[in-house]
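Reviewing the structure listed below.
The values are calculated or read from the model by the stated rules, or taken from the named source; none is laboratory data. As the structure is a computational prediction, the values presented were derived from the model and not from experiment. Using ideal geometry, Cβ is built from the backbone for each residue, glycine included, and neighbour counts are taken over all protein chains shown. These area figures cover heavy atoms from the full protein model, side chains too; ligands, DNA and RNA do not enter into them. Shrake-Rupley method; radii C 1.70, N 1.55, O 1.52, S 1.80 Å.
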Amino acid sequence: SAAPYTHLYGLFVLQCGLVAGACASLLPAFSPPELVATVRRDRATAVFAAPAHFKPLVDRDAMRAEDFASVRLVCLSGTTVPPELARDVEARTPAGVVVQLWGMSELQAGAYGRPGDPAELRHETAGRPSPRTELRVVAEPGGPPLSAGAEGRLQVRGPSVFAGYLDNAEASAEAFDGGWFDTGDTARLRADGALVLTGRVKELINRGGVKFNPVDVEVLLDRVPGVGRCVLVPMPDPVLGERGCAFVVPDGRAEVTLAGLTAALEAAGVAKFKWPERLEFVEELPLTPTQKVRRAELARRLTEEGRR
């Protein structure tokens, strides 16, 4: 488990190991070399991690097939997984497959890919619902379920969903919509029932009344030479309300410029209102224990800067 045991993802992995009677290989502190060394040393058969754990290995070509020869399963979770990364990791795992998992502290595993699923489903979706779990997508709380393929708010109900927040009746009431837990995630449900995560409701950027999901843009910007990792967050604007600012961790392979980023998006056919209008370089991004970017912290930096 690359995820720490101080968070649900790591605890989930620990529980899976106990149920399966499996030995748990500990990774005391994450770094790309330590992850490779631990997998190789302990001959791990299943690796549970976030996309951010594997992206540096793929980008630096530091994930050799012989190091992962024992691995039969790689589970990526914690945030949206770029399909290209899932394919790259599987290509470097000679005897294994990559699946995705979607879960939350409020329900543990809501959906996941099965090892026997087609590669397209495992790489491009978070899989199908866990047993007895139901998923639906709505435009707004209280609204009817949207048709397959439409993007909206992800809601879930089932036996693993929590009953409510401790000693906080108001938050519990706001979290449920007629028996369905409103996750705060945005997603699409395919016709085959597979879940495609697209972002978080609170992460949408509202540029002049037109809202867009930054995750779709980030997947493309991460492919630009010189970009180690990119996150697009809203910055205050007196006219439009919000504009997009790209925070980039450079990897040193090439020079990164705002013009270069927008040119890549233009070549990919991305609408201009989704382009970043400011570029900020950072040595590292603020992360949670499961390697999710603390977007609110980046946005707060821009807001505080605007006040000075």
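Normalised by the number of residues in region 156-308, what is the relative contact order in percent for Cα pairs under 8 Å and 6+ residues apart?
This gives 16 percent for region 156-308.
If you take the beta carbon distance between E140 and L26 as r and set R0 to 45 Å, what does 1/(1 + (r/R0)^6) give as a FRET efficiency, to the nearest 0.05?
The pair E140/L26 has a calculated efficiency of 0.55.
Which peptide among 15-28, 171-184 comes first, and what is the full order, when sorted by highest mean count of other Cβ atoms within 10 Å?
The densest-packed peptide leads the list: 171-184, 15-28.
Explain nothing, just the number: relative contact order of region 80-229, from Cα pairs under 8 Å at least 6 residues apart, as a whole percent.
Once normalised by length, the contact order is 17 percent.
Cut-off under 12 Å on the C-alpha distance; same-chain residues fewer than 8 positions from K274 excluded. Which aspartates and glutamates are left, in chain and number order?
Filter leaves D216, E218, E242, E266.
With a 1.4 Å probe and every protein chain left in place, work out the accessible area per residue of region 90-146 in Å², rounded to a whole number.
With the other protein chains kept in place, region 90-146 gives 44 Å² per residue.
When you count, for each residue, the other Cβ atoms within 10 Å and take the mean per peptide, how do 221-229, 113-121, 75-83 rank with the highest first?
75-83, 221-229, 113-121
What does the C-alpha gyration tensor say about the overall shape of region 76-235? Classify as rounded when a/c is under 1.5, otherwise prolate if a/b is larger than b/c, or oblate.
Oblate shape, in that a/c is at least 1.5 and b/c is the bigger or equal ratio.
At 222 nm, what value in deg cm²/dmol follows for the chain if DSSP H runs of at least 4 each add -39500 (n - 2.57) and the sum is divided by all its residues, to the nearest 500?
Taken over the chain, the calculation gives -8000 deg cm²/dmol.
Could you pull out the GluC sites (Glu not before Pro) across region 213-308 that fall in loop regions by DSSP (anything but H, G, I, E, B) with no more than 10 other Cβ atoms inside 10 Å?
Hits after loop and neighbour filter: E255, E283, E284.
Determine Rg/Rh for region 1-47; Rg is computed over alpha-carbon atoms and Rh is the Kirkwood hydrodynamic estimate from the same atoms.
We get a ratio of 0.95 for region 1-47.
Around D192, under 13 Å between beta carbons, what's the net of Lys plus Arg minus Asp minus Glu among the other residues?
Local net charge: +2.
Specify which residue in the list A175, A163, A46 is farthest towards the positive end of the charge dipole of the chain, using unit charges on the beta carbon of Lys, Arg (+1) and Asp, Glu (-1), about the Cα centre.
Of the options given, the answer is A46.
Just the number, please: percent antiparallel of the DSSP beta bridges in the chain, rounded to the nearest 5.
Close to 75 percent.
Given Cα positions, please report Rg to Rh for region 2-159, the hydrodynamic radius being the Kirkwood one.
In region 2-159, Rg relative to Rh is 0.99.
Using 0.36 nm per residue, how much length does the chain from S105 to A69 gain when fully extended, once their Cα-Cα distance is taken away?
Going from the current span to full extension adds 9.7 nm.
Restrict the search to region 106-164; then list the trypsin sites (Lys or Arg not before Pro) that DSSP places in a loop and that have at most 10 other Cβ atoms within 10 Å of their Cβ.
Here the trypsin sites (Lys or Arg not before Pro) that fit, given the DSSP loop and packing criteria, are R132.
Find, among the trypsin sites (Lys or Arg not before Pro) in region 30-95, those assigned to loop by DSSP (not H, G, I, E, B) with at most 16 other beta-carbon atoms within 10 angstrom.
Sites meeting the loop and neighbour criteria: R43, R60, R64, R72.
Cα-based Rg (one decimal) and Dmax (whole number) for the chain, in Å?
Considering the chain through its Cα atoms, Rg and Dmax are 19.7, 59 Å.
Does region 199-308 classify as rounded, prolate or oblate by the C-alpha gyration tensor (a ≥ b ≥ c root eigenvalues; a/c under 1.5 gives rounded; else a/b over b/c gives prolate, otherwise oblate)?
Rounded, since a/c falls under 1.5.
Could you give the distance between the Cα centres of region 245-308 and region 32-52, to the whole Å?
When both Cα centres are located, 29 Å separates them.
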